[in-house]
Structures are given as structure tokens and as C-alpha cells.
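Input: a single structure, listed below in C-alpha cells.
The values are calculated or read from the model by the stated rules, or taken from the named source; none is laboratory data. Predicted, not measured: the structure shown is a model, and the values here were computed from it. Cβ: placed from backbone, ideal geometry, glycine included. Neighbour counts: every protein chain shown.
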Amino acid sequence: MQASLWRWLFISLLLLSLGISLQATAETSTREHTPLAELEPSSSQRQVAKEVTRLLTHQHFADITLDSKLEEQAMENYLQQLDPNKALLTRSEAEALLDRTSELEAALVKGELDFAFDVFVTVTSKQKKRLEDALTQLKNELDSFDFTSEERFQADRREADWPESQAEIETYWQHRLTHELLSLMNSEQSAEEARDLLVRRYENRLNRLKQTNNDDIFQSFMNAFTTSVDPHTNYLTPRRSDSFNIQMKLSLEGIGAMLQSENEYTKVVSLVPGGPADRQGELEPTDRIIGVGQSKDGEIENVIGWRLDEVVDKIRGPKGSTVRLEVLAADNTERRVIEIERNAVQLEDQAASKRIIKTQVNGETRKVGVIEIPTFYLDFEGQQNNTKDYRSTTRDVKRLIDELQEEDIDGLVIDLRNNGGGALQEANSLVGLFIPRGPVVQVKDADGNVQILGDNDGQVHYNGPLGVVINRLSASASEIFAGAIQDYGRGLVVGEQSFGKGTVQTILDLSEGQLKITRAKFYRISGGSTQHKGVIPDITFPPLYDSERIGESASENALAWDQVEPVIPPRNSAIQSMIEQLESRHLERVRDDPNFQFLQAQSQWMQDNKGTPSVSLNRKVRQQEKKKEEAAQLAMENRRREGLGMEPLKSLDDEEPEDPNDREPTPVDLAILEETGNILMDFKRLAN
């Protein structure tokens with residue numbers, strides 16, 4: 001295959017691997033701020049709107065027609081972007097704007113963007129008024145807040161109906177301010193101290209709102225349209241294009257966290273494996289960064305309501321310097337400050353690595369090699385220039401297999417958890433280490449043409465027992481690898497259902513900016529798409545991620561699952577015939593495994609507490625709920641420790657802090673890897 005095509009497929013797969021957020025985000029303006037009501041579209045933006053519309057209706061994988069249904073979806077998306085929590089518009093006001101959907105066609109086809117700007121100004125002006133009113137109340141009416149109320153507050157109203165009246169909106173904002181004050185007061189601050197901090201936050205939000213420019217409006221509108229087609233098709237402004245291209249080179253600096261704007265917060269989407277934040281160990285996906293400080297004792301500056309690029313600028317800094325992040329947990333119940341030493345996030349930090357897990361079989365110790373692959377990487381330039389020892393996933397894994405075999409391993413596990421993808425070429429060649437030859441993946445373009453990619457070298461580098469571990473964050477190239485291993489019956493796939501991203505994107509240049517557009521879909525060699533369904537493990541472990549919130553199936557307007565003709569017959573392997581026995585032995589064994597029981601308890605707790613929980617607006621009740629949650633977590637940890645013969649903890653605070661440089665598996669990781677090894681040894685015994 002030509003290198004250009006590999007690069008095209010690499011881009012599409014790497015998008016998810018890097019965790020790049022391409023939702024509408026504000027961009028820093030360096031000129032004087034034009035009043036919101038005076039902002040208007042530029043001639044170049046009018047031209048780009050027409051270009052994007054033409055490309056989507058002619059080059060997207062799906063057969064796109066700009067009809068009333070798509071226009072209605074785009075308009076609903078636009079309002080959802082502008083008022084995501086339904087906290088600004090009443091039902092009648094929202095319906096009045098939705099009634100203007102017919103004007104959307106002229107905006108997209110003819111570039112008549114005044115309609116889009118008018119809607120933006122209408123909604124955002126209401127937000128500005130709400131922020132001003134909130135500041136007035138905080139500054140002058142602190143006594144109006146009741147911290148003994150029996151009311152509860154639901155912060156996430158994305159799935160709620162539009163409020164029927166202004167009174168309902170007033171109640172929401174009163175509860176919201178009370179909630180935010182209580183969140184700060186629970187950190188041992190007085191009401192006055194909490195008020196002063198909240199005032200600064202709202203002033204920042206108001207200031208950022210006043211910095212809105214026409215690029216903000218245009219990008220918001222265009223992405224409301226593009227994501228109505230599918231969630232991975234997006235418009236990139238020139239500045240966003242530059243940032244995207246930097247990230248595509250894997251030249252990341254700072255702390256190695258992928259961020260996106262969500263409402264007024266900067267949310268952590270994912271951590272770059274091996275990066276500074278990942279190594280430090282405290283920052284977690286879904287955390288929201290609410291403050292940033294420089295150096296170990298520098299003052300933390302509130303960043304709620306800031307532009308995403310401004311927050312990133314604050315977090316980035318010279319290698320070896322320290323940044324302090326004040327973060328808020330996703331459930332609004334915990335605030336903490338994290339110190340991270342900045343560093344460059346190099347490809348080396350994301351390279352494949354190995355370890356050995358020991359397990360007991362009939363009283364004898366067996367060694368299972370584990371190779372963790374955080375991403376599918378490839379030095380394209382080194383490959384094209386025939387550079388000696390250029391880096392690639394397959395080359396590294398091949399070397400690691402050799403090293404593990406020198407230690408006489410009894411089986412091999414490929415750990416693809418949290419691997420969001422990367423170079424398709426590497427997923428293809430990696431499969432080739434385990435099969436002699438054959439197809440690996442099918443790629444279908446918008447015209448229905450199917451290309452089959454595979455391995456033809458006729459060699460097998462490792463022919464022993466093989467296991468593959470996946471979870472909900474395993475996507476794209478990971479799904480191609482795991483799916484091919486499963487379709488050939490070459491190895492056992494265990495863990496959680498994977499992400500389900502089976503689409504291919506490419507970048508098209510526009511007269512201003514770029515368009516990331518879905519151009520093709522992936523299919524397994526058995527014919528089914530990985531879209532939505534992902535890869536279903538042969539043996540499923542308790543889930544640690546909410547599939548209703550994470551994964552392609554959780555994305556609005558994602559393309560549907562479908563299938564093409566299979567290129568190999570349905571598998572009838574030894575693994576398939578043994579699944580029932582293997583699962584029975586697995587379930588019997590984990591009943592007595594303290595670490596696996598801890599994994600099950602964590603999974604059950606997540607299931608019991610998923611959704612959008614409300615929080616009490618009563619200070620005492622909120623403190624009691626927090627203590628109850630901490631007690632539940634402590635009980636789970638102590639049951640695990642008791643089963644392992646360890647001393648119980650009196651408090652979670654008594655647990656020894658983890659060494660950020662210690663890469664040993666956590667109890668949950670250990671449970672997953674050890675049990676995968678046990679299942680693999682079961683298969684080896686049954687096969688013999």
C-alpha cells in the first residue's frame with residue numbers, strides 16, 4: 001500500500017488515540033473586543049460555510065442530503081451548544097428559535113450567516129445577564145442563601161426538558177449558586193471566603209464572554225452542523241488546525257493530559273500513557289480543572305470559564321518546572337490540589353513495555369508475559385528514509401517477545417486497555433506476528449469499494465498461548481487487532497466491550513481552516529463493522545466504564561453498524577469450543593480472589609451510582625453523604641486487604657501515597673492481568 005494511504009489511515013486512527021477534542025471551543029483574541037451585538041461574519045467565513053456544505057454533501061462516507069431533517073438536527077445541536085444545561089431559554093423561547101430552522105439552509109448553501117450570528121447573540125446575551133445578576137447577588141445578598149434547605153441540585157440538565165417559565169430558570173440559578181458556595185465551604189472555607197472565590201470565578205466567566213469573537217460564533221455554528229452528520233466530522237479554524245497538526249506529530253509538551261471544554265469547565269478527557277500526569281497518578285479522566293498555579297508555592301489562579309487554549313497555555317511550561325492544578329471531581333463531591341512536574345511527552349513514553357505475571361497451576365508456578373501497548377505508533381519518516389532501528393509498535397513488540405521467551409514464559413498477554421488507536425499499518429503488521437498470512441481488516445469507501453489489508457510474509461513470530469485484554473477505551477486500531485485475533489481464533493480476548501469506533505477520517509484543506517471528514521469505515525475480516533459494537537470479549541470482566549456515557553454508541557449521530565462480505569469463513573476454533581469450560585473455571589476461581597472481588601465491588605459501586613446524581617443543598621446532609629461514600633470505599637479496600645492478610649485501614653487517608661515513578665499494577669490492574677493469565681493457562685491445559 002502506498003505510504004500516503006497509510007498516512008491517511010494513521011490520521012483517522014490517531015485522532016482518538018490523542019484524545020483530541022474537536023468540539024466548539026473559544027479562541028484567544030488579541031485585538032480589542034467588539035461588543036457581542038456588533039459581531040458579524042467575515043467574507044472568508046461566508047465562503048468557508050459554502051465549502052464545508054459542499055464537501056459534506058459530496059464527499060462524506062454517508063449519503064448526505066441537506067434536507068429539513070438534517071437542518072432540524074443541526075439547529076437542535078446549535079441550541080444545545082449554546083445552552084447545554086437548558087438554563088437560559090424557556091421552552092417557548094427555544095421553540096421560537098427552532099422555528100427559524102428554515103433560515104439555516106441559506107446560511108450553509110449561500111453563506112448567509114447573519115442568522116447564525118443572531119441566534120448566538122440572542123442566547124449568549126441571556127448568559128451575560130445571568131452572570132451579571134449572579135455577581136450582584138453574591139456581592140450584596142449573601143444572607144439570601146439558605147444552606148439548610150431540603151432541596152437537591154442536579155448539575156447536569158442535558159437530558160432535561162426546557163424549563164416552562166422564567167421562574168423555573170430563576171430557581172435553577174439560585175440552587176446553582178447555593179451548590180457552588182457549598183462546594184467551596186465543604187473545603188473548610190467560610191461563607192464569606194467561598195463567596196469571594198465564587199465572585200472571582202463569575203467575573204472571569206463574564207470577562208471571557210466579553211472576549212467572544214466572530215471565529216467563536218462561526219466555529220460553534222459550523223460544528224453544530226458537521227456533528228449532525230457524525231461526531232467525528234468537524235470544522236477546524238486556522239488556529240485549531242495548527243494545534244491539531246502539532247498534536248498529530250506526537251510532539252506534546254506540558255503534563256500529557258488531553259482536555260476539552262465542557263460547559264464552563266476544562267475537563268480532562270484522557271491522559272497520555274507514560275506522560276507526566278499519568279506517571280504522577282492523581283489526575284483522572286472526567287476531572288475538571290478549576291485552578292492553575294505556577295511552581296510549588298505559587299498562587300492558584302481560578303480558570304473556570306476560561307478559554308480552553310488559555311488554560312492550556314497556563315498548564316504548559318518549561319521542562320522540569322512544576323504546575324499546580326486545583327481539580328473538581330466529576331460528581332462535584334471532591335476538590336483537591338495536584339502537583340505535576342512538566343516534561344516533554346515523547347513517543348518513548350508511549351512505547352510498548354513488558355512485565356511477567358506469575359500464577360499457580362497445580363502447585364507449580366507459571367510465568368505469563370504481558371506486553372502493554374498504549375498506542376500504535378510508527379516513525380513514518382524513519383521508515384521512508386530506511387533509518388536503522390526506526391521505532392514502530394511491531395518492531396518493539398517483536399523484540400519484547402524475544403526477551404520474554406528467553407525467560408521461558410508459558411503464555412503471552414497483549415494488553416490493549418486504554419489504547420485509542422494509532423497507525424493502522426502497525427495493527428496490521430502486529431497481527432502478522434501471530435498468524436502465518438491472511439487478511440486483517442477491510443476498508444470500505446463512500447463509493448462502496450472495499451480494500452482488504454493483511455499479512456503475507458508467511459512467518460509466525462510467536463505461536464504459543466495468546467490472550468488480548470481490552471476495555472471500553474480500546475478503540476480503532478486496537479479493535480482491528482483484537483477483532484482479527486478473535487476472528488482467526490488465534491487467541492483469547494477478555495475484558496470489556498471496546499469503544500466501537502469504526503470510521504475513518506481524513507483532513508481536507510479549505511480556503512480558511514480545515515475540515516476533518518469521515519470518508520470510510522473499517523470492517524472485520526468476518527464482515528462486521530467495529531462501529532458501535534466494537535469487539536465483544538470471549539470472556540467478560542466486570543466493567544469499570546459506563547457504556548451509556550463512554551463509547552461510540554454514546555455519541556449522538558454516530559454512523560450505524562453494518563457489514564460487508566466476510567473474507568474468511570466463520571471461526572470454528574479450539575477456543576470457541578472451550579469458552580464454556582474456561583468461563584466456568586474463571587467464575588469459580590475469582591470467588592476466592594481478593595483483588596478480583598475488589599474489582600467486582602468497584603464495578604458494582606459504579607453501576608449503582610451511575611447516571612446524573614443530585615447533590616444536597618443542605619450543608620450537613622452533604623457532609624454526611626460524603627462520609628457515607630468514603631466509608632463504602634474504605635470497606636471495599638479493607639475487604640481486599642483482609643483477604644490478602646494485610647492490616648486494615650482506619651481511614652483512606654492512612655493509605656500510603658503511591659510513588660509516581662512506580663509503574664507496578666494497581667490492585668484492579670493486578671486482578672485483571674493475573675486472571676487473564678489464569679484463563680490462558682486453563683486454555684493451555686485444556687488444549688493439551
So, first residue without any contact (Cβ under 8 Å) to a residue 40 or more places away in the chain and over 11 Å from Arg46 (Cα atoms) in segment 95-118, second residue small (Gly, Ala, Ser) and surrounded by fewer than 17 Cβ atoms within 10 Å (Cβ to Cβ), Cβ within less than 8 Å, six or more apart or across chains; the pairs are Thr101/Ser68; Phe115/Ala106
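Every residue, every condition in (1) in a loop (DSSP other than H, G, I, E, B); (2) more than 30 Å from Tyr377 (Cα to Cα); (3) among the acidic types (Asp, Glu), yes or no:
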{"site": "Thr266", "(1), (2), (3)": "no, no, no"}
{"site": "Ile290", "(1), (2), (3)": "no, yes, no"}
{"site": "Gly298", "(1), (2), (3)": "yes, yes, no"}
{"site": "Ile338", "(1), (2), (3)": "no, no, no"}
The condition from (1) touching a strand residue (DSSP E or B) at 6+ places or on another chain (Cβ under 7 Å); (2) farther than 30 Å from Val327 by Cα that Glu339 misses is numbered (2)
For Phe541, the lone unmet condition from (1) buried (at least 18 other Cβ atoms within 10 Å of the Cβ); (2) more than 21 Å from the chain's Cα centre (by Cα); (3) of a type in the set (A, V, I, L, M, F, W, C) is (2)
In segment 58-90, anything at pLDDT below 95, under 19 Å from Tyr235 (Cα atoms) and hydroxyl-bearing (Ser, Thr, Tyr) is listed as Thr65
Taking first residues from segment 57-69 that are in contact (Cβ under 8 Å) with a residue 24 or more places away in the chain and second residues anywhere that are loosely packed, with under 15 Cβ neighbours inside 10 Å and of a type in the set (Val, Ile, Thr), the pairs with Cβ under 9 Å that are 6 or more apart or on different chains are Leu66/Val109
Restricting segment 482-531 to residues that are surrounded by fewer than 22 Cβ atoms within 10 Å (Cβ to Cβ) and at positive phi, the one nearest to the chain's Cα centre (by Cα) turns out to be Gly527
Only unsatisfied item for Leu325, checking (1) in contact (Cβ under 8 Å) with a residue 40 or more places away in the chain; (2) farther than 30 Å from Gln154 by Cβ, is (2)
Asp287 meets each of (1) more than 22 Å from the chain's Cα centre (by Cα); (2) surrounded by 20 or more Cβ atoms within 10 Å (Cβ to Cβ); (3) under 28 Å from Leu88 (Cβ atoms) with one exception, condition (1)
Among (1) surrounded by 14 or more Cβ atoms within 10 Å (Cβ to Cβ); (2) farther than 30 Å from Val229 by Cα; (3) not aromatic (Phe, Trp, Tyr), Ser584 falls short only on (1)
Picked from segment 344-353 (must be crowded, with 20+ Cβ neighbours inside 10 Å and in contact with a strand residue (DSSP E or B) (Cβ under 8 Å, 6 or more places away or on another chain)), the residue modelled with the highest pLDDT is Ala352
Looking across segment 11-57 at residues that are β-branched (Val, Ile, Thr) and at pLDDT below 85, the single one that is surrounded by the fewest Cβ atoms within 10 Å (Cβ to Cβ) is Thr30
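Please specify each residue of segment 508-542 satisfying the condition of being in a loop (DSSP other than H, G, I, E, B) and touching an Asp or Glu at 6+ places or on another chain (Cβ under 8 Å).
The initial filter retains those residues of segment 508-542 that are in a loop (DSSP other than H, G, I, E, B), namely 510-513, 525-527, 530-538, 541-542.
Matches in segment 508-542: Leu510, Ser511, Ile525, Ser526, Gly527, Thr530, Gln531, His532, Gly534, Val535, Pro537, Phe541.
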Within segment 360-412, the residues that are without any contact (Cβ under 8 Å) to a residue 40 or more places away in the chain, over 19 Å from Leu673 (Cα atoms) and in contact with a strand residue (DSSP E or B) (Cβ under 6 Å, 6 or more places away or on another chain) are Ser392
Log entry, pairs with first residue in segment 431-455 being surrounded by fewer than 16 Cβ atoms within 10 Å (Cβ to Cβ), second being in a strand (DSSP E or B) and among the aromatic types (Phe, Trp, Tyr), beta carbons closer than 8 Å, six or more apart or on different chains, reads Val450/Tyr523
For this session: Kindly establish whether Ala194 is crowded, with 20+ Cβ neighbours inside 10 Å, over 29 Å from the mean Cα position of the chain (by Cα) and within 27 Å of Glu326 (Cα to Cα).
Result: yes
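Rundown of residues vs (1) farther than 30 Å from Ser478 by Cβ; (2) out of contact with any strand residue (DSSP E or B) (no Cβ under 6 Å at 6 or more places or on another chain), yes/no style:
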residue	(1), (2)
Lys296	yes, no
Val311	no, no
Lys314	yes, no
Pro318	yes, yes
Leu325	no, no
Leu328	yes, no
Ile356	no, no
